[in-house]
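Each reported figure results from applying straightforward, stated rules to the coordinates on display, with no laboratory input. Remember, it's a predicted structure, so these values are computed and weren't measured experimentally. Heads up, the Cβs are rebuilt from the backbone with ideal geometry, glycines too, and the neighbour counts pull from every protein chain shown.
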Amino acid sequence: MALGEALAAHLATGVTTLCQCWAVTRADGEGYGFTDHDLDLSFDGMTFRADTGMTARALAQSTGLSVDNTEALGVLSDAAIREEDIRAGRFDGAAVTCWLVNWAAPDQRVVQFRGTLGEIRRSGGMFQAELRGIAEALNQPQGRVYQAGCTAMLGDGACGFDLSTPGYFTEVAVEVVEDGQALEFAALNGFEDRWFERGRLSVLDGAAKGLSAAIKSDRLSATGRRVELWQALRAVLAPGDRVRLEAGCDKRAETCRLKFSNFLNFRGFPHIPGEDWLMSTPLRVGVKDGGSLFS
């Protein structure tokens with residue numbers, strides 16, 4: 001870490017007024033500030049609260065590209081981090097920045113850690129969260145996958161399809177909810193059967209606002225429409241809550257061409273040979289296409 005001249009001079013005195021501050025920003029943009037000082041601090045437009053019981057273990061930092069991991073500990077507080085938000089997954093992958101700060105002059109500070117929240121565990125009214133360094137992303141597989149199906153996600157940069165196009169989404173109030181996983185609508189007949197299958201459901205209001213889930217099945221019947229999710233939302237979805245349903249894609253070239261008119265951005269290889277050759281056996285008679293070139 002690069003120290004500023006003022007902070008370096010303060011450290012050189014041997015008598016310091018230092019503390020740590022953390023900023024946690026969730027994927028939905030909600031931000032939280034914490035400090036282990038006994039008074040609140042403010043900088044960069046954020047207030048870092050001292051009454052949250054938030055602390056962190058010693059930062060394990062190293063040179064090179066190794067992942068710097070540590071842990072954050074804290075008390076579950078209704079005014080700060082709520083257990084229901086952790087249970088709903090709202091803090092999964094949240095961005096974390098940690099500063100070493102001179103609390104007597106907060107403009108004297110240096111960033112010690114940048115990363116994301118990993119696994120979060122809850123017990124006894126407290127939480128324990130793994131902090132993952134920015135090099136963690138380098139541990140993920142990279143490169144192009146050659147397969148018949150499309151490798152892009154519907155609506156992402158590679159796909160390029162605009163999911164706000166009329167006819168490919170709808171916003172509607174939930175009428176019936178079963179086990180938090182099956183939803184029923186009586187008057188949602190303006191879309192073909194299975195139109196939203198493999199699509200995405202996003203909650204627009206209510207206790208589960210901001211959460212989303214993948215759609216497993218979408219069926220029309222004489223009584224209405226039934227949409228089932230692969231997994232139940234980790235917050236209560238109640239009748240009357242509004243949701244957004246987005247069209248689904250099964251990754252086939254035909255679907256990309258006919259349903260979305262987006263074949264120019266198809267990211268699969270529809271003519272790649274399949275795996276049937278694994279089951280083939282040599283023949284003594286008949287046409288031997290693909291035989292040895294040296295016979």
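A few remarks follow.
- Net charge in the neighbourhood of Asp44 (other residues with Cβ under 11 Å of its Cβ; Lys, Arg +1, Asp, Glu -1) is 0.
- Spin-label pair Glu254/Ala158, simplified geometry with 7 Å Cα→Cβ offset, distance in nm: 2.3
- Summing charges over all other residues whose Cβ lies under 14 Å from the Cβ of Cys150, with Lys and Arg as +1 and Asp and Glu as -1, gives +4.
- Label-point separation in nm, Glu30 to Ala135, each point 7 Å along Cα→Cβ: 3.3
- Per-residue ³J(HN,Hα) for segment 187-201, Karplus 6.51 cos²θ - 1.76 cosθ + 1.60, θ = phi - 60°, Hz, x for Gly and Pro: 10, 10, 10, x, 10, 5, 4, 6, 4, 9, 4, 6, x, 9, 10
- With the largest listed first and rounded to whole Å, the semi-axes of the equivalent ellipsoid of segment 169-246 from the Cα gyration tensor are 18, 13, 11.
- Euclidean distance of C-alpha centroids, segment 236-273 and segment 185-203, integer Å: 12
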